[in-house]
Amino acid sequence: MGFFKKYRNTILKYGFLLFLMIFTIYIVFQNLDITSIEKIKDIINRKYIAIGICAILIYMFLEGIILKYILNAQYKVKEKFLGLKLATMGFYYNLVTPFASGSQPMLIYVLSKYKVPLGEATGIITNKTLLYQSVVTVYCAVLFLLNMELLKSQIPGVISLVILGLSINIFTIIMAILAILNPIKIKAVTSFFIYHLSKFKILRFLKNKEEKINRFIDDYSTSVKFFMTNKKLLFKTTTLTIIQLTAYFSVSYWIYRSFNLSNYHIIYFITLQTLLYMAVSPAPTPGNIGANEIAFFSIFTNIFPKSILGYAVLLYGGLVYYLILVISAIFTLVTHVQIKGKPSLTKDNNVSKI
């Protein structure tokens, strides 16, 4: 017992890292049909798979660049490659938690380890999330409207799911913006709940936390408003997000070309994969696993010959899920080790720019 107390932090730290490693390996081998890889190797043009892998790497790299721009504009942190570290951790926890719910809390936790105030850390991650969701929603809506008639004739069964996904995204964005623009109302609602909850003995401590919570709301609102009114930063990050999404949504086209097929152009594939993304976005499974594959079958069933559709699904899952999962897991493990191994950081190392 004394040994555990002495080395508790070390045991918990490396135990958590070991769990991440085992969990990642389990997901890959549990869901990916490894035996089919040998067959695929003989029938594909590897040049196009290499381009698909590059598209995924560009997608991941730009995520880090965008995060770094937002972070540097709001709160300068003296840490190399922090944007890339945050991006890969975000990808990993997005892929292993239902509704991608684990990434934002983890990224806020990491920023707090670098002494970024909680309100500003939450604002920074919220800015990135709102930016991505807004751009991907507009991106999908534009392609959806421009190709409505063609989509009605080719994939009528998926249209309702796309509309549902778009509606959820639009509603979430509007509610988030309203919350940001009305911090006074949020404080009033918070105060109301604290007043009533603090009547319970076990929650009496909340009364002393009200001032701290209000300060958090102010920091959060200021951080988000700063981003929304910084036109240069907004333009730069929006442009990079469009490029990032285009790289990601082109993956299905490179898979298509790898089978030496060329009847459809890249814009059509980007449109279909964008709709696939939006159709499965409400799915509760980690990384939309399962839903992605089913949607791919439904959307691309008339695009790929039936004899190779199964292989196409396997390649698609391999690139957009397992490749990102493995790369982000490696970076996540390294980042956790670095965070745990760092001496305590002081606020003097970092500078708020708001």
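Counting the residues of the range 147-205 that are over 28 Å from Val280 (Cβ atoms) and touching a Ser or Thr at 6+ places or on another chain (Cβ under 6 Å) gives 2. Among the residues in the range 330-340, are any among the basic types (Lys, Arg), part of a helix (DSSP H, G or I), free of Cβ contacts under 8 Å to residues at least 24 places away in the same chain and more than 22 Å from Ile51 (Cβ to Cβ)? No: the range 330-340 contains no residue that is among the basic types (Lys, Arg), part of a helix (DSSP H, G or I), free of Cβ contacts under 8 Å to residues at least 24 places away in the same chain and more than 22 Å from Ile51 (Cβ to Cβ). Name the residue that is surrounded by the fewest Cβ atoms within 10 Å (Cβ to Cβ), counting only residues in the range 233-257 that are more than 18 Å from the chain's Cα centre (by Cα) and over 15 Å from Leu319 (Cα atoms). Only one residue fits best here, namely Phe235. What are the pairs, 6+ residues apart or on separate chains, where a residue within the range 58-74 that is β-branched (Val, Ile, Thr) has its Cβ under 6 Å from a residue that is at pLDDT below 95? Here the result reads Ile70/Ile124; Ile70/Asn127; Ile70/Lys128, each pair linking the range 58-74 to a residue that is at pLDDT below 95.
Do we have Glu149 as in contact with a helix residue (DSSP H, G or I) (Cβ under 7 Å, 6 or more places away or on another chain) and among the acidic types (Asp, Glu) here? Considered against the rule, which asks whether it is in contact with a helix residue (DSSP H, G or I) (Cβ under 7 Å, 6 or more places away or on another chain) and among the acidic types (Asp, Glu), Glu149 comes out as no.
Among the helices (runs of 4 or more DSSP H) confined to the range 39-116, the ones with at least 3 residues that are modelled with pLDDT of 90 or more and not small (Gly, Ala, Ser) are located at 46-74, 82-96.
If you go through the range 46-59 and keep only what is touching a helix residue (DSSP H, G or I) at 6+ places or on another chain (Cβ under 6 Å) and either exposed (fewer than 14 other Cβ atoms within 10 Å of the Cβ) or among the small types (Gly, Ala, Ser) (or both), you end up with Gly52, Ala55. The set of residues in the range 173-231 being of a type in the set (D, E, K, R), more than 28 Å from the chain's Cα centre (by Cα) and surrounded by fewer than 16 Cβ atoms within 10 Å (Cβ to Cβ) consists of Lys185, Lys199, Lys201, Arg204, Lys207, Lys209, Glu210, Glu211, Lys212.
Screening the range 79-119 for residues that are among the aromatic types (Phe, Trp, Tyr) and touching a Leu at 6+ places or on another chain (Cβ under 9 Å) and picking the one that is nearest to Ile330 (Cα to Cα) gives Tyr92.
Listed by first and then second residue, the pairs with beta-carbon distance under 9 Å, at least 6 apart or on different chains, first residue in the range 81-110 and at positive phi and of a type outside the set (Gly, Ala, Ser), second modelled with pLDDT under 85 and surrounded by 19 or more Cβ atoms within 10 Å (Cβ to Cβ), are Phe99/Ala283; Phe99/Pro286.
The number of residues in the range 236-278 that are modelled with pLDDT of 95 or more and part of a loop (DSSP other than H, G, I, E, B) comes to 1.
Considered as a group, the residues in the range 67-84 that are crowded, with 22+ Cβ neighbours inside 10 Å and in contact with a Ser or Thr (Cβ under 8 Å, 6 or more places away or on another chain) include one that is farthest from Lys115 (Cα to Cα), and that residue is Ile70.
The values are calculated or read from the model by the stated rules, or taken from the named source; none is laboratory data. These numbers were taken from a predicted model, which means no experiment stands behind them. Counting neighbours? That spans all protein chains shown, and the Cβs are built from the backbone with ideal geometry, glycine included.
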